[in-house]
Amino acid sequence: MVSSWSYIEVELIVADYFSMLSAELKGNPYSKEEHRRALIPLLSNRSKGSVEFKHQNISAVLANMGLPYIKGYLPRYNYQGILAEKVSEYVAEHMGLERQFDAFAGKIVKRQDNIDFNGLLVDFPEEENLAQEELRTYARNPVKVNYLEKEQRNKSLGELGEELVLDFEKWNLKRLVGSRIANQVRWISKEEGDGAGYDILSKDPSGCDKYIEVKTTKLTRKTPVFFSKNELDFSMSSREKFYLYRLFSFADDPHMFIKRGSLNDISRHVEALSFKGYL
C-alpha cells in the first residue's frame, strides 16, 4: 500500500516545484527530468509517476489560489489539504514571488505568424471526478491579487486573442460558405466597447448570429476562466447562440476549444468571487 506523503516530503517537492516555476516565469531554461532525478532520492520510495502527479497537484493548488503554475504540469485537483497548506506557507515566506506573478500577468506577447487554422481547434477538456470541496480556493491564501484573472484582463493579450478568433471565423466561414457571410463578422468589443456581453458577432454557415466570448491565457487549457456578471447574464439570455472560445498556450503554441451554451452551463464549477449587499 502506498503511504501518504509526509510533511517533510511535501515541503521538499513544493520547494522543488517553485524553483522550476521561478525559472519558467523568468524565462530561464531548466530540466524537469533533472529536478526529478535530484528529488526522488530525498523522498520515501516515490516513483516518477507519483512525483509527476504531485507536481500536477501543486499546479492545481496554485490555480485555485489565482496564481500561475508550470505549464508542463497540468492541474489535477484531487489534492490533500497538507499540500495546499505547504504551498500557502511557501508563498507567504517568499512574497518576492509576487513580482514574478505580476510580471507574468502583465507580460506583452506577440501573436505568432502563420498560425495553421486547420490545427487550431482541440477537444473540450476531459472532466475530472471531483468532490465539491476539492475545487474551493484555499482559505489562507497570502496573496491578495488573483493573477490568473489579472492575466485574462491584460488588454494587449485579450485583443490579440480576439483578433485571432476574428480571423479564424472569417477564414472558416469563407471556406465553408464563401465571402458574403464571412464579411459580416464583426469585432464588437473593439467597435462598441466591452459592455455588450460578448466580443465577436459571427455567423453560422446558415447565416444565423453567433455571439462569441473570447478568453485567452498564456497557460494551459486547464486554467480557470473568469467572467463578469454582465457576460454571464448575456450568455444565459442567449445560450443557444452564445459560444465560449477558449484560447490557451497563446505565447508558445496557440490552441483553442469551443463550447456553446451559457457560461453557467459550460463551466463544471462556478465560484462567486465578489458579492454586492443592499442595505
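The values are calculated or read from the model by the stated rules, or taken from the named source; none is laboratory data. Quantities reported herein were computed from a predicted structural model and do not represent experimental measurements. Cβ coordinates were reconstructed from backbone atoms using ideal geometry, including for glycine residues, and neighbour counts include every protein chain displayed.
Numbers for the structure displayed
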item: Test: residue in region 155-169 that is of a type in the set (S, T, N, Q) and either without any contact (Cβ under 8 Å) to a residue 12 or more places away in the chain or surrounded by 15 or more Cβ atoms within 10 Å (Cβ to Cβ) (or both); result: no
item: Test: S19 is among the small types (G, A, S) and without any contact (Cβ under 8 Å) to a residue 24 or more places away in the chain; result: yes
item: Close pairs from region 199-214: first under 21 Å from F226 (Cα atoms) and at pLDDT below 95, partner surrounded by 14 or more Cβ atoms within 10 Å (Cβ to Cβ) and among the aliphatic types (A, V, I, L, M), Cβ under 8 Å, at least 6 apart; result: none
item: S262 being farther than 21 Å from K150 by Cα, surrounded by 15 or more Cβ atoms within 10 Å (Cβ to Cβ) and out of contact with any Asp or Glu (no Cβ under 6 Å at 6 or more places or on another chain); result: yes
item: V185 vs. criteria among the β-branched types (V, I, T), assigned by TED's automatic domain parsing to the domain that holds G261 and over 24 Å from I108 (Cα atoms); result: yes
item: Residues located in region 170-186, provided they are crowded, with 17+ Cβ neighbours inside 10 Å and touching a helix residue (DSSP H, G or I) at 6+ places or on another chain (Cβ under 6 Å); result: K170, L173, I181, A182, V185
item: Of all residues in region 181-221 being in a loop (DSSP other than H, G, I, E, B) and acidic (D, E), the one that is farthest from F234 (Cα to Cα); result: D204
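Quick grid of which residues meet (1) in contact with a Lys or Arg (Cβ under 9 Å, 6 or more places away or on another chain); (2) among the polar types (S, T, N, Q); (3) on the phi > 0 side of the Ramachandran plot:
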position: P142; (1), (2), (3): no, no, no
position: E163; (1), (2), (3): yes, no, no
position: K170; (1), (2), (3): no, no, no
position: K174; (1), (2), (3): no, no, no
position: S202; (1), (2), (3): yes, yes, no
position: S206; (1), (2), (3): no, yes, no
